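Chemist: Sharing a structure below in structure tokens format, with a few things to ask.
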Amino acid sequence: VILYEKSLQELYKKFGKAHAYIGHSLGGAIGLYAMKNGIPFEKYVSISAPSIADLILHEAFDKIGASEKSTDAMCSLIQERIGAPFKEFTGAYWATFAPPIPYLIIHDTSDKEAAIEHFNTLVKTLPNPQSHQTEGLGHVRILRDEDIVKEVVEFIQS
């Protein structure tokens, strides 16, 4: 996350303000982090982005069968490395700093990588976002769906 955001900072220094930012999954959250750190975007699109600290850790650790003790240890390690609690290093927190630009938030209700609660949190936190829930596209197929691609293009062109 930190390296990706630093890359965005370098692109901003070299090319200036971007017309739009489109991020999928963690890339969606990183766009919010970049805005919190001063990178201006004219429009922002998030597709299937995780945003809630506790859910992010539990979703990841449940997949590998890690214990609650492991989750607690990871939270401590993250806090030590970033100098803040993990909840302050997530999309839900960064969204509280979001500027008043057009937002489009897209998420599938059956996403197994990032639960729909992440979407609900971003929609509640961002200033007046457009939102779209899909059914049956999951975390990756959503990117290839013609209607979603068309919606994103129209949003950016509008």
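The values are calculated or read from the model by the stated rules, or taken from the named source; none is laboratory data. Everything numeric here is computed off the predicted structure, so don't read it as measured data. With ideal geometry, Cβ positions are generated from the backbone for all residues, glycine too; neighbour counts draw on all protein chains shown. These accessible areas exclude ligands, DNA and RNA; they are computed on the full protein's heavy atoms, side chains included. Shrake-Rupley method; radii C 1.70, N 1.55, O 1.52, S 1.80 Å.
Chemist: How much of the accessible area of segment 1-76, probe 1.4 Å, is carbon plus sulfur, in whole percent?
Modeler: Whole-percent figure for carbon plus sulfur exposure: 60.
Chemist: Separate question: Packing-wise, with mean Cβ within 10 Å as the measure, how do 17-30, 60-73 rank, highest first?
Modeler: Those peptides, ordered most packed to least, come out 17-30, 60-73.
Chemist: Shifting gears a bit: Straight-line reach from K36: which lysines have a Cα under 26 Å away, not including same-chain ones fewer than 8 places off?
Modeler: K6, K13, K14, K17, K87, K124
Chemist: Right, another one. So if I restrict to the alpha-carbon atoms in segment 1-127, what is the Rg, and what is Dmax, the biggest pairwise distance, in Å?
Modeler: That works out to 14.7, 45 Å for Rg and Dmax.
Chemist: So if each residue of separation counts as 0.36 nm, and I subtract the Cα-Cα distance between I2 and R144, what length gain in nm does that give?
Modeler: Contour length minus Cα-Cα distance gives 48.4 nm.
Chemist: When the dipole is taken about the Cα centre of segment 47-136, and only Lys, Arg (+1) and Asp, Glu (-1) are charged at their Cβ, what size is it in debye, to the nearest 20?
Modeler: That gives segment 47-136 a dipole magnitude of about 220 debye.
Chemist: Once both labels are modelled 7 Å past Cα along the beta-carbon direction, what's the A60-R81 spacing in nm?
Modeler: 0.8
Chemist: Another one. Hand me the GluC sites (Glu not before Pro) from segment 71-135 located in a DSSP loop with no more than 11 other Cβ atoms within 10 Å, in residue order please.
Modeler: Sites meeting the loop and neighbour criteria: E135.
Chemist: Continuing with the same structure: Using a probe radius of 1.4 Å on heavy atoms only, what accessible surface per residue do you get for segment 22-158? Whole Å² is fine.
Modeler: Here the residues of segment 22-158 average 51 Å² of exposed surface.
Chemist: Compare the peptides 36-46, 145-155 by average per-residue count of other Cβ atoms within 10 angstrom and give them in order, highest first.
Modeler: Sorting 36-46, 145-155 by mean packing, highest first, produces 36-46, 145-155.
Chemist: Under the rule of at least 5 residues apart or a separate chain, name every residue whose amide H is placed under 5 Å from the amide H of K43.
Modeler: So K43 has HN proximity to A20, Y21.
Chemist: In addition: So what are the ³J(HN,Hα) numbers for segment 67-75, from phi and the Karplus equation (6.51, -1.76, 1.60; θ = phi - 60°), rounded to whole Hz, Gly and Pro as x?
Modeler: Rounded to whole hertz, the list is 7, 4, 4, 5, 4, 4, 5, 5, 4.
Chemist: Restricting things to alpha carbons, tell me how big segment 1-73 is in terms of Rg and Dmax, in Å.
Modeler: 14.9, 45
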